[in-house]
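The values are calculated or read from the model by the stated rules, or taken from the named source; none is laboratory data. Keep in mind that this is a model prediction, so the values were computed, not measured. Every residue, glycine as well, gets a Cβ built from its backbone with ideal geometry; the counts of neighbours run over all protein chains shown. Note: areas computed on protein heavy atoms with side chains; ligands, DNA, RNA excluded. Shrake-Rupley method; radii C 1.70, N 1.55, O 1.52, S 1.80 Å.
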Amino acid sequence: MPRLRLLFFASAREIAGVSEAVCDLPEGSAEGESVTTESVRAYLASEFPGLADQAETVTLAVNQEYVEAGAHVPVRDGDEVAVIPPISGG
């Protein structure tokens, strides 16, 4: 069961009510199935209801490496996952 450190930035931090949290994600259901950033998105939606609408649009960064939209990047025990809301402006 991977234990992750979640870091919340900007409006994601305001909505979650915390700047960081630790989460334990269950292993994949099929043998050899890894836990991915999709599992993190599902966790965000379930544990932080205010983020449910944004769970699919936030940018995630695993260990300071941005995750491309739609990618399913494996996460491992001890990883740090940043939750970054969409940025707008000019």
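Counting only residues that are out of contact with any strand residue (DSSP E or B) (no Cβ under 8 Å at 6 or more places or on another chain) and among the hydroxyl-bearing types (Ser, Thr, Tyr), region 35-54 holds 2 of them.
Where strands (runs of 3 or more DSSP E) fall wholly inside the chain, the ranges with 3 or more residues that are open to solvent by 60 Å² or more (accessible area, probe 1.4 Å) and not aromatic (Phe, Trp, Tyr) are 20-24. Can you tell me which residues in region 48-71 are within 19 Å of Met1 (Cβ to Cβ) and more than 11 Å from the chain's Cα centre (by Cα)? Selection gives Asn63 alone.
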